[in-house]
Structures are given as C-alpha cells and as structure tokens.
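Data first, discussion second: the structure below is written as structure tokens.
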Amino acid sequence: MSATSHQFDLIINLARRNFFLQFRGSLLGLLWPLLLPIIQLMVFVFLFQRVVPLGIENYPAFVYTALLPWNWFSVSVLSAGNLFLAHRDLVRRPNFTPSTLAVVSALTNLLTYLVALPIVLVLLAISGRAITWTVLLLPLIMFIQAILIVGISLFIATWNVFYRDVQHIASVAVMLLFYLTPVFYSLNNVRREYRVPFTLNPMAGLVQAYRAVLYDGAVPDWDGLFVAGIIAIAAFGIGYLSYRREIQEVYDFL
Amino acid sequence: MAISHTDAKFRKSTIFYRAAGENKKVNLVLEVQGVSKLFRVQRNRPATLKELFIQRLNGRHPAAAVEHWALREVSISLEKGHSLGIIGHNGAGKSTLLRLICGLGRPTTGKIQYWGQIGSLLELGSGFQPEMTGRENLLTGGILGGLSRRDVEAIQDDIIAFAELEEFIDQAVRTYSSGMYLRLAFATVTHFDPDFLIIDELLAVGDSRFQQKCLDRLKSFRRAGKSLLIVSHDLDQIRASCDEVLVLEEGRVLMRGDPESAIRSYYDVMRQRTEKRQAQIGVPHQFTAPIQQGSRYGTQEASITAVRLLDGEDRMTDHIYVGSPLTIELEYLRLNTVSDMACLVGIFNENYTKCFETFIPSIQKASGELPARGSIRCRLPEVSLVPARYSVSVGLFPPDWSFVYDHHGHMHTLHVMNESGIHADVSGILMVRPDWAVRPLDPP
C-alpha cells in the first residue's frame, strides 16, 4: 500500500472521528452545526437590518455566505494552540507525523461548514436569487482557505508548545481580524483610502470570493483571490518551516 | 530504504524495506550507533513571552541549564527474529532509549536506523478516545498502526476475539474496565503485524490466564521471524523471553550478553551502588549478630535486626514438615530518612536455585504507615517442598530497587522434613506425594 493512500485513510478516519466526537452525547447531535450559524445569523440580521440598517439587500443570504467560511477559519485557528498539546499521545506515537493533525483539524471544521452549507440554498431561494455555474469554483476557494488554515495552525500549534502566549495572541488576532473581514458588512461600505488592510487580509479576499460565487452568482475578483492565494502559500511556508525546525524540540518538550 | 533521524527527520507512516544486497547487514531490523542524548534542564525557563522579555530586559540570560546526559555512546543492533532485553535501574536511560528509537526526539549525537514497521507497546492504549466505541477505536488504532481501513476491517474480528470483548465492542471505551481497555490495546497492537515490537514493562494485562495468552502471542510473534525489544524490571520475564540482554547504567551500555550473565552484572551494579552509598553515609546501625553462613550487605539505613522462622503454632523453629505452614518474620529498625521500602523474601535450595520468592513493593502502601521499628511477617500456608535443607533470604530495598538497605542472602537455614523424619525417595524441588500402581495388562 502506498504511503499517500495510507496517509489519506488516516486523515479521513481521524477527521471523521473528531467531527462526530464533537456531537457525541448531545441531544441535538448533528443539528448543532446547523443551529450555531443560524443563531449568529439572527443576531446579525437583528443588528444590521433593524438596529443599524446597512441597507444591503437580501441581508440574511449576504451574511450567511461569508459567515460559514469565517467560522471555519476562526474555529480552526482558535483550536490550533492545543493541536499538539492535547494530542500528546498521538504526537508521541512512532510512525505518526504530527503535521497530520493540522490537516485533520482543518478538515474536521470544513465538514462542519459543508453540513451547514445547504441552508444557503434556502436563503437564496427566499431572496429569489438562483445558483449559477459559478458554485463550481467553490472547491478552488476552499482549497486556498485550507492551505491558509493549515499553515497558520502549524505555526500556532508548534510555538504554543513552548510559549502559551501564542494561543492568546491568536485569539486576539482572530477577534480583530473579524472586524477587518467583510462578513456582516460589504466592502462597498468601506471608503477607498481604508482598503489597504482589506487587500492584505487573506480572509477578506476569500470571503469576497465566496460571496461572489454564491450570492452574486458571479466570477470572483481574480486579483483579490490571487493575493489571498499568495498569502496562504506564504503562511503555509512559514508554518511548515517553523514546524520542521522545531518538531524535535516539541517531542522533547511534550 | 533506510530512515535515520539525522538524514531524514520526517518519517512517513509506511513500511520501509532496505533493498536486499544494498548492505551486508540485511538481517538487521534496528541499528543504534553511538547515540548520546543530552537533556538541558533549565531552571526558571520562561514559560511565557513576558517572562522571556523580562529576563532579556534585565540582561539575564535564561538561567544556566543543568546538563544531564541521559544516554552516552549507546550502540545496539537487533537482528531479525531476535529478542533483546534491556535492564537497568531507574534513571539508567532505558525509557529515553526507547523513546528515541520510536522517533520521539532526536539523539544529540549518533544515528538510529530501522527497517520495517515498529509496533510499540509504550503507553499501551494511548490514542484511544474514551467516547468512541471499542470498534471505532480499534479502527483508528489500526490505521495509526500502518494498515489501511480495509485491512483493519478484515482482521477486526480476530482482534475482538483475542481481546474477548465480543459483547462490549460496540460500547464506548470509557465504560470499559482497565483490564478490558488493556486487552483491547494489546490485541490491537500485536495484530497489526509490525516487524518489531517495543515493549516497556509489559504484561500487567488482565488476569494470569490472559497474561499467558499474551506471552504465547509474543512467542508466536518471534517464531514468525519478528523481533522484540523488551524493557522490564521483571528479571524472570527477561530471562524467559530474551536471547540477549543489555545492561544500562547511568546512560552507558555496561554489558551485553546472555541473560544469565547480564542479570549477574545487574546485581553487581546494585551491590556497587549500595557500597558507594554506604561509603557516603557511614554505618548507621551496627550488625548485631555474627554471620554464620551466607552473606549480608546493604547501607543499613533500614536494618534487619532479627529474622525468625515460625511453625504453624508460631513457635520458633528451623525445621518444618512437608506441607505445613511457615511464617517468616523479620524485625527492622529504620532511619528517619527512609520513608518507604520494599521487602523481599525467598527460599533457595542448596544449589542456590530459587524455589520461591515474593515481595511487597511498598510497605507504606500495604500497611498505611512505616513505623520506625517494626516487624514484617510473611505467612506461607503450605510449604510443599521436597524434604531437604534450604536457606531463607530476606531483604529490604528502597521502593525503586536501585540499591539495598539490608539483604540477608542465604543466611537462615530451614530444614524441610517428611512426617517420619526420614527423607523419602523423592527429589527435585516441588513436593508431590507419589502414589504408584502396577497392574498386569491382558494379553492382546
């Protein structure tokens, strides 16, 4: 059996295990990945359609298309600090490559995303919009986001073994990044001179792309997606290099 | 293809075989060459970035690290189908060596190479997820062990049958007893057909019948040409299951040889440590009685002040009848520095063959406290030894067995007699009452 197919088996099995493990013992079970984003959505709709109206049409569908990928990103990054620390038994196992855990975590949270995705259809139908062929671009955008998440996760997981500050810094960063990502507002609300941080924020580019293919039914802004892709690859490079450099120390330290 | 920690830091979970003919050492499954491992134990190591910055700001370098060589220039090789035991006292470097072989951590110097898939019984059952069922954990364990999903599904019934968990396999592992848990873990690891198995302090698994099943499994594993690497404190188990034994002491390989001579050198190390310690602390208790036979040694931090052999009516004696009870009682006196100890009692025949031995690993745990002076009694309800002269050994040890407080080796004589007081026509060690019968057979 080849190494690749075995690694594939392993990742799929662990991701499936971790996914179902989240809901083991809960009454609502698999309804949770559906309920959570809907509750978040209701808050946003109340705030930005009633309290401080932003004047965006079909607001529920607009928010929902960006909310899911954002949750995928934030949950993955927030849990990355514990990847090696909480899976000490796996990391210390012979023949186990610890970086697998970052891929598994990204995949587990992607499953949560995919379970909640079909609701977009309902929201679009209510608003009278149709799904177009551009949804076929979804896997590409998800792939770029996965690379970004794995890179950042590896970085945080590795350094958090030595300095627990890393996970706290990461949670502050995720919180700030949320406001710099057009999830509940549109980039059109932002004046041109303030756009620079949005260009440099890969999640902004990705969220815009998701929204384009799902909500607008249009081709995404290739330039923005390209920049996000470059940043994702850079993040992956930095994450993987620090992992490679420090992994032996991680073994000694755990 | 050879994998080593120095030239390929990152191993993949696959099976690597070195191509035949590439090297003369084709039969090796493991080669450790000149491996040393340095641990820097840093006091006041910054645990957060803040502390790091503060230390740097104050111009202090991180506090000087205490260096500790856990292993020095250790070389071992393991051939296909062989089993190697590693013995040594606590802190001798056994676990560090095993961990390095498993790829956990990089040797400071030297090289570790292996060919094939390692199965490890280190931390048995780690990686099990308590909320998942036994079957789900078995699947994950199998894939982690290097099999494909399909392979695991094909052999899972064998594993479940071996672990004797047919009824419970679809329940969450958290509901398992510790015995069930270990049975599943052991069955899982040993059924995945690794090329060599690493075993650390094995076989506290389940009841004695299941332990025997485990030992049989390991035997058939060896017959199949697989290799074993065993670390254990149980010298009898090492003697029974290893072709060769390596003695580690303070990170160095003291010797490598057949089990008997290795175990002898292990005892020598214990004696040396005791003498070294004795020289450091002086003699706290004077020997009270002259030694008539056997030998006595130890640091005397806890000292055996009297040993008595008692018969069924608690009368002092040095002879008992076959099959009657015997109580071995010892009195001790200890220093305040001794907070816990282990007690060993054994009976040997005149050839110094061990007939029986037993120990309490921790007197404190067994009795709740350790009086400054006290007596320890070991009652044997039925001594079924062949009538002969025997000697009794008793010893007090620190709970990690790293040296000796006081050991009376073959110092006390015990005569075992049969009822009439005359030795009957039996020999050996164990007394079984023979009952002969001779009958003519009908001609065919």
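Each row is one residue, and each column tells you yes or no for (1) within 14 Å of chain B (Cβ to nearest Cβ); (2) exposed (fewer than 15 other Cβ atoms within 10 Å of the Cβ); (3) in contact (Cβ under 8 Å) with a residue 40 or more places away in the chain; (4) of a type in the set (Asp, Glu).
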| residue | (1), (2), (3), (4) |
| --- | --- |
| A:Tyr179 | no, yes, no, no |
| A:Pro202 | no, no, yes, no |
| A:Leu206 | no, no, yes, no |
| A:Ala209 | no, no, yes, no |
| A:Leu214 | no, no, yes, no |
| A:Val219 | no, yes, yes, no |
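Residues in region B:137-150 that are touching an Asp or Glu at 6+ places or on another chain (Cβ under 9 Å), facing another protein chain (nearest Cβ under 8 Å) and part of a helix (DSSP H, G or I): 3 in all.
Has region B:100-112 got any residue that is under 22 Å from B:Val74 (Cβ atoms), of a type outside the set (D, E, K, R), under 21 Å from the mean Cα position of the chain (by Cα) and in a loop (DSSP other than H, G, I, E, B)? Yes: region B:100-112 contains one or more residues that are under 22 Å from B:Val74 (Cβ atoms), of a type outside the set (D, E, K, R), under 21 Å from the mean Cα position of the chain (by Cα) and in a loop (DSSP other than H, G, I, E, B). For B:Ala161, state whether it is hydrophobic (A, V, I, L, M, F, W, C), part of a helix (DSSP H, G or I), more than 8 Å from chain A (Cβ to nearest Cβ) and free of Cβ contacts under 8 Å to residues at least 24 places away in the same chain. The answer is yes for B:Ala161. Restricted to region B:244-271, and to residues there that are in a helix (DSSP H, G or I) and touching a Phe, Trp or Tyr at 6+ places or on another chain (Cβ under 9 Å), the residue that is farthest from B:Gly298 (Cα to Cα) is B:Met270. For region A:209-233, a residue qualifies if it is in contact with a Pro (Cβ under 9 Å, 6 or more places away or on another chain) and of a type in the set (A, V, I, L, M, F, W, C), and the qualifying residues are A:Ala209, A:Ala212, A:Val213, A:Val227, A:Ala228, A:Ile230, A:Ile231, A:Ala232. Sort out which residues of region A:185-212 are at pLDDT below 90 and among the β-branched types (Val, Ile, Thr), and write them in order of number. Matches in region A:185-212: A:Val190, A:Val196, A:Thr199. Among all positions in region B:207-214, there is at least one residue which is assigned to a loop (DSSP other than H, G, I, E, B), modelled with pLDDT under 80 and surrounded by fewer than 21 Cβ atoms within 10 Å (Cβ to Cβ).
Taking into account only those residues within region B:164-193 that are assigned to a loop (DSSP other than H, G, I, E, B) and either out of contact with any Gly (no Cβ under 9 Å at 6 or more places or on another chain) or among the acidic types (Asp, Glu) (or both), which is nearest to B:Gln212 (Cα to Cα)? Taking the candidates together, the pick is B:Glu164. For region B:389-422, a residue qualifies if it is more than 22 Å from the chain's Cα centre (by Cα), among the polar types (S, T, N, Q) and surrounded by 19 or more Cβ atoms within 10 Å (Cβ to Cβ), and exactly one does: B:Ser391. Scanning region B:164-209 for residues that are of a type in the set (Phe, Trp, Tyr) and touching a residue at least 60 places away in the same chain (Cβ under 8 Å) turns up B:Phe186, B:Phe192, B:Phe196. Only one of the listed residues (B:Glu244, B:Glu313, B:Glu301) is at pLDDT 85 or above and under 22 Å from B:Gly81 (Cβ atoms). That residue is B:Glu244.
For the condition more than 18 Å from A:Asn95 (Cβ to Cβ), touching a residue at least 40 places away in the same chain (Cβ under 8 Å) and within 14 Å of chain A (Cβ to nearest Cβ), B:Gly134 qualifies.
Number of residues in region B:67-99 that are under 19 Å from the mean Cα position of the chain (by Cα) and within 14 Å of chain A (Cβ to nearest Cβ): the value is 5. Can you say whether B:Val438 is at negative phi and surrounded by fewer than 16 Cβ atoms within 10 Å (Cβ to Cβ), as far as the supplied structure shows? It is true that B:Val438 is at negative phi and surrounded by fewer than 16 Cβ atoms within 10 Å (Cβ to Cβ). When B:Ser339, B:Ser324 are screened for being in a loop (DSSP other than H, G, I, E, B) and touching a helix residue (DSSP H, G or I) at 6+ places or on another chain (Cβ under 8 Å), only B:Ser339 passes.
Rundown of residues vs (1) of a type in the set (A, V, I, L, M, F, W, C); (2) away from every other protein chain (no Cβ under 14 Å); (3) touching a residue at least 60 places away in the same chain (Cβ under 8 Å); (4) part of a loop (DSSP other than H, G, I, E, B), yes/no style:
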{"residue": "A:Thr4", "(1), (2), (3), (4)": "no, no, no, no"}
{"residue": "A:Phe19", "(1), (2), (3), (4)": "yes, no, yes, no"}
{"residue": "A:Gly25", "(1), (2), (3), (4)": "no, no, no, yes"}
{"residue": "A:Trp32", "(1), (2), (3), (4)": "yes, yes, no, no"}
{"residue": "A:Leu35", "(1), (2), (3), (4)": "yes, yes, no, no"}
{"residue": "A:Phe48", "(1), (2), (3), (4)": "yes, yes, yes, no"}
{"residue": "A:Phe62", "(1), (2), (3), (4)": "yes, yes, yes, no"}
{"residue": "A:Leu67", "(1), (2), (3), (4)": "yes, yes, yes, no"}
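Only strands (runs of 3 or more DSSP E) whose full extent lies in region B:372-428 are considered here, and the ones with at least 3 residues that are within 16 Å of B:Phe348 (Cβ to Cβ) are B:388-397, B:406-417.
If you take the residues in region A:227-245 that are surrounded by fewer than 16 Cβ atoms within 10 Å (Cβ to Cβ) and under 25 Å from the mean Cα position of the chain (by Cα), which one is farthest from the other protein chains (Cβ to nearest Cβ)? Checking each candidate, the answer is A:Ile230. A single entry from B:Val386, B:Val432 fulfils the requirement of being of a type outside the set (Asp, Glu), in contact (Cβ under 8 Å) with a residue 40 or more places away in the chain and surrounded by 15 or more Cβ atoms within 10 Å (Cβ to Cβ): B:Val386.
The values are calculated or read from the model by the stated rules, or taken from the named source; none is laboratory data. All figures in this text were calculated on a predicted structure; none of them were measured in a lab. Glycine gets a Cβ as well: all are built from the backbone with ideal geometry, and neighbour counts include every protein chain shown.
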